[in-house]
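Right, one structure below, let's go through it.
The values are calculated or read from the model by the stated rules, or taken from the named source; none is laboratory data. Small disclaimer: the values here were computed from a predicted structure and weren't measured. When we count neighbours, we look across all protein chains shown, and the Cβ atoms used for this are built from the backbone with ideal geometry, even at glycine. Heavy atoms of the whole protein, side chains included, go into the accessibility calculation; ligands, DNA and RNA do not. Shrake-Rupley method; radii C 1.70, N 1.55, O 1.52, S 1.80 Å.
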Amino acid sequence: MRDMRTQVGIIGAGPAGLLLSHLLHRHGIESVVLEARDRDYVQRRVRAGVLEQGTVDVLVKAGLGDRLLAQGLPHQGFELRLGDEAHRIDLTELTGGRNITVYGQQEVVKDLIDARLADGGTVLFEKPVASVHDLETAAPYIRCQDGTEVHCEFVVGADGFHGISRAAIPDARTYEFEFPFGWLGILADVQPSSEELIYAGGEGGFALHSMRSPEVTRCYLQVEPGDSVDNWPDERIWAELRTRLGSPGGWELTPGPITEKSITPMRSFVTEPMSHGRLFLAGDSAHIVPPTGAKGLNLAVGDVVVLAAALEASFQGDDSLLASYSDTCLRRIWKAQDFCAWMTGLLHRNPEADPFTERIRQSRLREIFGSPSMARYLAEHYAGYPHG
Ligand code: RFL
Ligand code: PHB
């Protein structure tokens, strides 16, 4: 393929890269999105499910609300469990009217790809990027593995945690914490057993009951780090979910055919700064949160909203927002890091903890059941922070 020229070269067609390309287009700024994997793979990758109110507002305002508003499931609260004790967190009441929407990340990605292509945007699949160059100049460029060069005015690294762009920031400082457990996630073709999400943090370890639609259940179990799905036949998964979710008030879990199983490590990660010269990182390429707080996708959207406005100002001659991009995003990111680490510690049995510490953890979880101020802290962070 011939070399290309555009205003903003974007690496990665995840939610961060695609939404940025879409928002830039609405400001009349041209971009090219380069994605390593094929379209089908990107649209089928099962990941996040919870959209904060602020994220839904951004997507709707950007003209991406049709399917989201028709098929997304608005939730006014969720349940916390400890053994057979249960407590509902009323998000709407505790936050003065905010809620969350359950809508699969792959649906967001599908909507974004459709919108980009309908608008005549350029999203190149199976186009892995090898390296980025001349970032300290006004004419940086991206080199793909097949040798194609994309010349642009700005490069955006939206290539996820395993991408190549983060390494191009010299003298970056990284902060990392690896949790001593992972999450086994499943999708099952069965009606969810509850209308709202259930987070359970009892003696036997963490379990989460979620959903994707009225016909599809999504669940997670805390497992040992490095565990393999081969150790988890379907019957073992349902038995473990049943034990950990308990049966408060006679509640029962309905099992069904499992269609997807995967294990993901749990880590917190931040790189600082998130920019260097004409390179800007957005989303998972710059930060990872453990999924307990359901914040990863929402943080990616937060970065992109700031970056789109900053790039627009820069093309109009004002670079001040680009100069403060990293600091602006990092404030939200560290707030979310704190919340996600707190919620993860609260709900997971730490295999390295002594029995005393484990009892303290359970007591802290129970404290939320009886304390409106603790419940409000949880609800305010979970429902999310406003954008802009
Ligand atoms: P992505 O989605 O990883 O997209 C990056 C894209 O870059 C491509 N890429 C490259 N392309 C070209 N050249 C290269 N050299 C490239 N290297 C990589 C990749 O193929 C990919 O397409 O990052 P992005 O856009 O920053 O989006 C971040 C989110 O995906 C992530 O934060 C969330 O999925 C995290 N997350 C959750 N977030 C929430 O807000 N709510 C949730 O409920 C939630 N649950 C979760 C989650 C993540 C999970 N896993 C699997 C880690 C649940 C799980 C289990
Ligand atoms: C999901 O439905 O995939 C999900 C829900 C809540 C979380 C993480 C993942 O905290």
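In table form, for the structure just shown:
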item: Tally of residues being open to solvent by 10 Å² or more (accessible area, probe 1.4 Å) and within 18 Å of Pro233 (Cβ to Cβ) across segment 178-203; result: 3
item: Criterion violated by Pro265 - all others in (1) outside any strand (DSSP E or B); (2) within 23 Å of Asp284 (Cα to Cα) satisfied; result: (1)
item: Qualifying residue in segment 165-179 (condition: within 19 Å of the chain's Cα centre (by Cα), in a strand (DSSP E or B) and within 14 Å of ligand 1 (Cβ to nearest atom)); result: yes
item: Segment 116-164: number of residues that are more than 14 Å from ligand 1 (Cβ to nearest atom), among the hydrophobic types (A, V, I, L, M, F, W, C) and open to solvent by 20 Å² or more (accessible area, probe 1.4 Å); result: 4
item: Residue check for Leu94: touching a strand residue (DSSP E or B) at 6+ places or on another chain (Cβ under 7 Å) and more than 30 Å from Asp40 (Cα to Cα); result: no
item: Qualifying residue in segment 9-27 (condition: in contact with a Cys (Cβ under 6 Å, 6 or more places away or on another chain) and touching a residue at least 24 places away in the same chain (Cβ under 8 Å)); result: yes
item: Matching entry among Arg67, Arg5 (being away from ligand 1 (no atom under 15 Å from the Cβ), in contact with a His (Cβ under 7 Å, 6 or more places away or on another chain) and open to solvent by 20 Å² or more (accessible area, probe 1.4 Å)); result: Arg5
item: Subset tally (residues that are over 21 Å from Tyr385 (Cβ atoms), in contact with a helix residue (DSSP H, G or I) (Cβ under 8 Å, 6 or more places away or on another chain) and open to solvent by 40 Å² or more (accessible area, probe 1.4 Å)) for segment 70-113; result: 7
item: Segment 16-38, residues that are open to solvent by 20 Å² or more (accessible area, probe 1.4 Å), in a helix (DSSP H, G or I) and touching a Leu at 6+ places or on another chain (Cβ under 9 Å); result: Leu23
item: Unmet criterion (only one of (1) in a strand (DSSP E or B); (2) free of Cβ contacts under 8 Å to residues at least 60 places away in the same chain; (3) under 24 Å from Ala70 (Cβ atoms)) for Pro192; result: (1)
item: Only one of Val33, Val58 that is more than 12 Å from ligand 1 (Cβ to nearest atom) and in contact with a helix residue (DSSP H, G or I) (Cβ under 7 Å, 6 or more places away or on another chain); result: Val58
item: Residues of segment 283-301 that turn out to be in a helix (DSSP H, G or I) and either in contact with a strand residue (DSSP E or B) (Cβ under 6 Å, 6 or more places away or on another chain) or more than 6 Å from ligand 1 (Cβ to nearest atom) (or both), as a count; result: 6
item: Members of segment 277-320 found to be within 16 Å of ligand 2 (Cβ to nearest atom) and aliphatic (A, V, I, L, M), listed by number; result: Ile288, Val289, Ala294, Leu297, Leu299, Ala300, Val301
item: Residue in segment 216-232 that is assigned to a strand (DSSP E or B) and either more than 14 Å from ligand 2 (Cβ to nearest atom) or farther than 25 Å from Pro74 by Cα (or both) present; result: yes
item: Enumeration of residues in segment 225-241 that are surrounded by 15 or more Cβ atoms within 10 Å (Cβ to Cβ) and more than 16 Å from ligand 1 (Cβ to nearest atom); result: Trp238, Glu240
item: Some residue of segment 47-54 being out of contact with any Phe, Trp or Tyr (no Cβ under 9 Å at 6 or more places or on another chain) and either crowded, with 24+ Cβ neighbours inside 10 Å or among the small types (Gly, Ala, Ser) (or both); result: yes
item: Filter result (among the hydroxyl-bearing types (Ser, Thr, Tyr), more than 14 Å from ligand 1 (Cβ to nearest atom) and surrounded by fewer than 24 Cβ atoms within 10 Å (Cβ to Cβ)) within segment 204-224; result: Ser213
item: Any hit, segment 108-117, residues being away from ligand 2 (no atom under 16 Å from the Cβ), without any contact (Cβ under 8 Å) to a residue 60 or more places away in the chain and of a type in the set (Asp, Glu); result: yes
